[in-house]
1. Ordered by packing density, taken as the mean number of other Cβ atoms within 10 Å over each peptide's residues, highest first, how do B:70-76, B:12-18, B:203-209 rank?
2. Within 10 Å, count the other beta carbons around each residue, average over each peptide in A:373-386, B:241-254, and list them highest first.
3. Using a probe of 1.4 angstrom, how much of the accessible area of chain A is carbon and sulfur, in percent?
4. Can you send over the carbon and sulfur percentage of the accessible area for region C:56-191, probe radius 1.4 Å, protein chains only?
5. Helix A:123-137 against the longest principal axis of chain A: what's the angle in degrees, Cα atoms only, rounded to the nearest 10?
6. Using a probe radius of 1.4 Å on protein heavy atoms only, what is the accessible area buried between chains B and A, both sides summed, to the nearest 100 Å²?
7. Go from 0 up to the bin containing the longest alpha carbon distance in region A:250-289, width 5 Å each, and give me the % of pairs per bin.
8. Have a look at B:Ala194, B:Ala105, B:Ala155 and tell me which one the Gaussian network model of chain B (Cα, springs below 10 Å) gives the largest fluctuation.
Amino acid sequence: MTESTVLENASQTSLAGVARRGVIRRLLRDPLGIASTLLLALIALIAIFAPLIVWNDPGVSQLDKVNASPGGGFLLGGDSAGRDILSRLLVGARLTLLGGLVAAGVAAVVGVGFGLAAGYRGKWFDLVSGWVSDLVMVLPSIIVLVAMFTVTGPNAVLAMFVLGIMLAPSFFRLTRSLVIQVKRNLYVDAAKVSAISDLRIVGRHIFTVIRGPLVIHFVLITSVAIIIQSGLDFIGLGDPNVPTWGSMLQDAFRSLYLSSTAYIWPGLAIALTVASLLLLGNALRDALEDVERAPRAARKANWVAPVRSTAPTASDALLCVEDLVISYRNADGGLNRVVDGVSFEVRAGEVLGLVGESGSGKTQTALAILRLLPTGGHVAGGRIVLDGEDLAHRSQREMTSVRGRRIAYVPQEPMSNLDPTAKIGSQLTEPIRVKLGLPRREAKERALELLEQVNITNPQRVFDSYPHEISGGMAQRVLIAGAVSCDPDIIIADEPTTALDVTVQAEILDILRRLRTERNLAVLLVTHNFGVVADLCDRVVVMQTGQIVEEGVVGRIFAEPRHPYTRALMSAMLTGRPSRRERSLQEAVQ
Amino acid sequence: MILFIIKRVLAGFALLFGVSTATFALVYSGGGDIAGQLLGGDAGPEAVAAKARQLGLDQPLMAQYWHWLTHAITGDLGVSWYSSQPVLPTILQRLSVTLSIVVVALLVVTLASVTIGIVAALRRGWIDRVLQTASVIGLALPSFWVGLVLVIVFAISLRWVPATGFVPFQESPARWFASIVLPVVALGLAAASATAQQVRSAVIGVLEQDYVRTLRARGLSGTRVLWGHVLRNAAPPGLTVLSLQFISMVGGAVIIERIFAINGMGSLAVDSTLKNDIPVVVGVMVVMTVVVVLINLAIDIVNGFINPKATVAS
Amino acid sequence: MNEELLEITDLEVTYGKRGFGAEPAPALKGVSLGIGAGETMGLVGESGSGKTTLGRAVLGLVPVTGGSIRYLGQDITQVDRRRRRALAAQLQVIFQDPYSSLNPSMLVEDILSEPLRAAGVPGRDARKRVNALMERVDLPAGAGRRLPREFSGGQRQRIAIARALALEPALIVCDEPVSALDMSTQIRILDLLVDIQQSTNVAYLFISHDLEVVRYVSHRVAVMFRGEIVERGDAEQVTADPSHPYTRRLLMAAPVPDPAVQAVRREERARFLAGESSAVAAS
């Protein structure tokens, strides 16, 4: 009974207290988000109501106001034709913003439409539209617009339409790559199995998932369009009858030596608008990322005192972890303890299993020993003593001399743990040359020897390969060879066989066992698999939600688990349970 | 690798053909009564017809295009309708002026953005925030306005450099430098800001990769991993951004040349557009495309050397 | 078995090369398999064996290049969209990864009602059905108004099971449904699947790399290796005392969670592999 209660608790709590927080709410909690939104709203209002606000007609010249200084009803002075700069500035917002929106709108409609189709359909449509997009992309849009001026004439909206087409490829590429990523998700396959129409799959399962980044891109493209459009107006390829900030700058430029301040205002207006768009884009991105990273509820299991079969004695221990605390800084600035007061030791030549389910903190503990926690994580307390020296407060520079030579690491995912741009050989020999100071030739000999020791039949070929040219099992052997290459005393192996097939797993376990006896290597083996524990470990530490619940020699843990959580884990194992057939026979008897 | 380069060159030719065809079709068909406009309002219909015949405008569009294309392949892009100068030499002379500004700007942008991007990615914290803010400002200021402000401050008020004009390098390196320093700054500010952000996120992206941790776990120092592995993996996105920035700076040069009264390719494009000098407009587009294709080719080749998978994948 | 629910005969799938440098994709080389109503057919194999491809071919997610798939005697190897819609009520799926198999931007109740609405079930009935489904798979009250990311892996898998059950299908393809879950969650999901089978008589094509898991849920088992079925038979016999060398290798490679037993098995495996390689050398 206790077993199931423990497990029930563990899964129930993961649901507790998670509130849905929308992107908008997060955006409005970010000061830059609020500021940029308000500023943009203000600019938009000005653009809409400008004709009602201005008191001087922006098109009417007053001869006495030509290049006038501020004052006398013209708060910002007059331009080269004696028109009110302030009025023109306010009214100029209209066409400037409209132009930006038209261009970004056209770009979005064309780019997203084609991007969705190309990404989802693939094949020839993808090829052709990709080629056309590249073609448009490489042309400098301003030069094209200048050339197009011979066709369009001074027609601002048409020019912005053309600019929209020129900017569409960036939307196309973004959309297409997002679609290709999202399309791989299994929920798209599940929808296909339910015979949901392609149109609905694209609309409901793809577009809604990728719209966040597209909105951000729209905001950024609007800012780009505003700058390009102003540039065109600035060189005199705009509509001379309607004021825009670009044409006002052109006017100011022509009378640069006559009027000292006219050039400031339109530039400032453009810069402010564009800056608020950029900041809004950044704030939106942060808000989206925050929502996606929504904190998994902090899990609190009901605490039962840990069981230890041996009192920790640091005397003969190679590695001794004492009261280790690992904290992460979360988005709200608070601290989140993922490992809380963990103590254990590893003796020379011993294999210690660190066992637990996801969220138990076993991987965090392993990475903390290497002092290679991901960004945001840090050792907040306790000691990590290797041969009498505390590593917990060493600098990264000091850790460099410890890693590789004293502590080594074998990761979980073989393929992502090799640099894809470097050959296996150079990745193996680099640490050997740096750490052991061996010349290139000897380092290569040693690397080939190591590859042979991890049962690679053709070491030279693997040595000359790039990571993408070898299989996952082969890559894991390479990583093990790399880990032992500088004769470490202890290896931290983080789920070293989880990503592999069972037959490969058995071979990798054999290799680890042999290396351990040959080199008297200590291993800290992080795993969730009790089969692997039974195969390789001498002692076991069981972790649950950041704490150790039980520790003991492997035989005892399997024979008589004492802590309720360990018992629950053991009873959840399938081995030894009656098969489907046996169960139905039993039921029939009853 | 060779196959990869050949494919890229062929794609470049295809692009060139596409661009020239599209430009030709749009510009020649959209211009209306070209001959009439050239001669001005007073010309009689016979004169206009004669002018059209002289320019070949009475021919069907396809025939005009065929005539242009067969000459263009031999490097003859026609003559200007105004100056009667051959188009290609005129453009090339102007191109050297523009490129000397854009290429210098590209070098400055690369140096500045890579340094800033890497520092921001490695240091994070307040340095990162300051650099992020600076890059938003850099992006928000339009290059032509920056140009104007620079002219007013450094040329008109302080008189440190000339306000306008371009001095070729061969004439006087010092005066060449003085003549391009303001245009380069105006042109490069936004490009450097954009690129620095991209470099930053590319470097951060690579730093978060599993293999970086594994390399550190082998006992390689942070610096060694950065120079030996991180930068090589972050280079492809960085180079892509640089090639796009190059293209946008070539466009931006059109405006910057106006401000500093530099007779480069950009001012040639604007002038001939305003005068409806169509052979020059088409020529500018073609030459521009060649430049862009060459730059992209160079960047693809560099990318291919850095990342062995790129040549296979594309 | 006299009347099979699903009858796969000589099925072949060959992926075309996708672009340059793409890995030669796994293929099916003439696979035949039958599944009866209310039965669990376990399909075991390692990565690249073609077991997932077989499941996807049944669901119409990969193009079939040869052979046939029959459902209740009707050929469904190549079907148009309209027939596929009718089939959707009969053939459903539960995928391995409970994270990417649920749309992160949809509420759980929308995820569950989507297949119902696609099948033309009116709104009120669909809502009732969704509530019944959530109860059936033991989702907590109020789960419908939440997003998938608020649930743990095991609970997400319950949502996926509920979605598969929505149209009361006759066969569910379960593609490694528990291999991404924690051990303690695994057994409860497996028990739920068996329980559902007993009350609804649904058949499962249960794909897994784990002989223990397959033994726990299956009536019959087929073992795949390099695109072919190398052994098939009663679940107990195949998972405990296999006859094909590959299945034996697979069985001996899986470590037993008992140090003493595992030591013995390790010895056995070493002897077996030595015997196999000397047999190869001799032939």
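The values are calculated or read from the model by the stated rules, or taken from the named source; none is laboratory data. Everything numeric here is computed off the predicted structure, so don't read it as measured data. As a convention, Cβ positions derive from the backbone with ideal geometry for all residues, glycine included, and neighbour counts pool all protein chains shown. Ligands, DNA and RNA are stripped out before the accessible areas are found, and what is left, the full protein with its side chains, is counted by its heavy atoms. Shrake-Rupley method; radii C 1.70, N 1.55, O 1.52, S 1.80 Å.
1. B:203-209, B:12-18, B:70-76
2. Going by the mean number of other Cβ atoms within 10 Å, highest first, we get B:241-254, A:373-386.
3. 58
4. 47
5. 50
6. Chains B and A together bury approximately 5800 Å².
7. The calculated distribution, bin by bin, is 6, 23, 16, 14, 11, 10, 8, 6, 5, 2, 0.
8. It is B:Ala155.
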